[in-house]
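> Once you've had a glance at the structure underneath, I'll fire off some questions.
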Amino acid sequence: MDNYLINLIDRMLDTSDQNKEAGYDSSKTISWKALREAENVENTEYIPQLITFIDNEKDKKKRDRSYFLLGHIAKNTSDLKALDYLIYRIQKETDKYIIASLLDRIAAIKKPIGTDLLPLIQATKSDKWLIRHSAIQSLKNALDSVAETALIEILNDSDDPYDLVYTNATINTIGTLRAIPFLEKHLKSRKRDVKDSAKYAIEEIKKRQE
């Protein structure tokens with residue numbers, strides 16, 4: 001793999017200068033600067049190298065940082081190969097924190113019609129709330145109607161207030177008039193966050209339709 005990529009991943013993981021004493025400024029650390037650098041990478045030639053690296057890397061922390069980098073390249077370049085690979089890897093990882101972080105990366109990437117969203121939808125049904133909530137948010141920027149259908153199913157069936165708030169927030173960004181009757185169901189919720197997020201989602205959907 002390109003020496004730059006190896007170096008960047010190592011810097012993202014570098015904790016050698018992280019002094020937690022009073023006055024400590026995390027924004028000046030090696031890892032913080034490397035993470036901000038990774039957010040701006042746009043070289044698609046790095047994609048196949050990162051894919052090969054992830055496929056063979058045993059260190060989960062290095063895979064996690066590689067997903068971070070690959071996710072930002074996919075976001076910055078709209079590269080579908082990188083997007084498809086990131087979605088594919090959801091079912092390959094076992095650490096809930098890595099899966100949730102991977103889903104968070106996917107949330108920011110535009111997902112055109114034809115993208116295989118099934119792994120994301122399956123993850124919305126996880127028994128681990130950390131994965132479930134990130135999976136719900138990962139459907140943001142999805143253009144296929146199956147994403148909205150999955151969110152409507154949660155609105156219709158779930159009574160978990162946190163699931164509902166995350167679903168309302170996501171459908172706020174991709175929902176159509178089809179979702180409004182299911183959102184209206186929660187306007188009388190005793191949970192203020194559920195009620196308010198449903199109200200905001202309805203308002204945003206109506207603005208888009210206008």
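Read-outs throughout are calculated quantities, based only on the coordinates presented, and are distinct from any laboratory measurement. Bear in mind that the values here come from a model prediction, so they are computed numbers and not experimental data. Glycine also receives a Cβ, built like all others from the backbone with ideal geometry; neighbour counts cover every protein chain displayed.
> Would you please calculate the Kirkwood hydrodynamic radius of region 137-209 over all C-alpha pairs and express it in Å, rounded to one decimal?
Working: mean 1/r = 0.0857 Å⁻¹.
Its Kirkwood hydrodynamic radius stands at 11.7 Å.
> Greater than 18 Å separation of Cα atoms is the criterion. Which listed pairs, K62/K96; K185/K206; K125/K199; K140/K195, meet it?
Numbers: K62/K96 15 Å; K185/K206 16 Å; K125/K199 24 Å; K140/K195 20 Å.
Check vs 18 Å cut-off fails for K125/K199; K140/K195.
> Let me make sure I get this right: for region 89-190, a, b and c are the square roots of the gyration tensor eigenvalues over alpha carbons, sorted descending. Under 1.5 in a/c it's rounded, otherwise prolate if a/b > b/c, else oblate. Which is it? Please list the in-between numbers first.
Numbers: a/c = 2.19, a/b = 1.34, b/c = 1.64.
Judged from the Cα gyration tensor, region 89-190 comes out oblate (a/c at least 1.5, b/c at or above a/b).
> Taking only DSSP H segments of four or more residues, each worth -39500 (n - 2.57), what value at 222 nm results for the chain once the sum is divided by all its residues, to the nearest 500 deg cm²/dmol? Could you put the intermediate results ahead of the total?
Working: 12 runs with 136 residues, N = 210.
Per the formula, -20000 deg cm²/dmol.
> What percent does the relative contact order of region 1-112 come to when contacts are Cα pairs within less than 8 Å and at least six residues apart? If you can, show how the numbers build up before the last one.
Numbers: 106 pairs, mean separation 27.1, N = 112.
It comes to 24 percent, rounded to a whole number.
> While we're on this one: Where the only charges are on Cβ atoms (+1 Lys, Arg; -1 Asp, Glu), what is the dipole of the chain about its Cα centre, to the nearest 20 debye?
On the way: 34 positive and 34 negative charges, 109 e Å.
Value, rounded to 20: 520 debye.
> Next question, about the same structure. Efficiency by 1/(1 + (r/R0)^6): what FRET value for Y4 and D160, r their Cβ-Cβ distance, R0 = 35 Å, to the nearest 0.05? Each step should come with its number before you reach the end.
Details: r = 44 Å, r/R0 = 1.25.
After rounding, the FRET efficiency stands at 0.20.
> OK, next. Going by average Cβ neighbours within 10 Å, how do the peptides 124-133, 33-42 rank, with the highest at the top? All intermediate terms of the calculation are to be shown ahead of the outcome.
On the way: 124-133: 16.8, 33-42: 14.9.
Going from most to least packed, we get 124-133, 33-42.
> If you don't mind, there's one more thing I want to ask. Put +1 on the Cβ of every Lys and Arg and -1 on every Asp and Glu Cβ in the chain; which of Y85, T173, I202 then has its Cα farthest towards the positive end of the dipole?
Going by the Cα projections, it comes out as I202.
> Taking the highest mean first, how do the peptides 102-113, 66-77, 44-55 order by number of other beta carbon atoms within 10 angstrom per residue?
Values: 102-113: 20.5, 66-77: 22.0, 44-55: 16.0.
For the peptides 102-113, 66-77, 44-55, the packing ranking is 66-77, 102-113, 44-55.
> Would you please classify the overall shape of the chain from the alpha carbon gyration tensor, given that a ≥ b ≥ c denote the square roots of the eigenvalues, rounded means a/c under 1.5, and beyond that prolate means a/b larger than b/c while oblate covers the rest? Intermediate values should be presented prior to the final figure.
Values: a/c = 2.17, a/b = 1.68, b/c = 1.29.
Note, shape of the chain comes out prolate.
> Right, next: According to the square roots a ≥ b ≥ c of the eigenvalues of the Cα gyration tensor, what is the shape class of region 61-148, taking rounded for a/c under 1.5, prolate for a/b larger than b/c otherwise, and oblate for the remainder?
Details: a/c = 1.82, a/b = 1.05, b/c = 1.73.
Oblate shape, in that a/c is at least 1.5 and b/c is the bigger or equal ratio.
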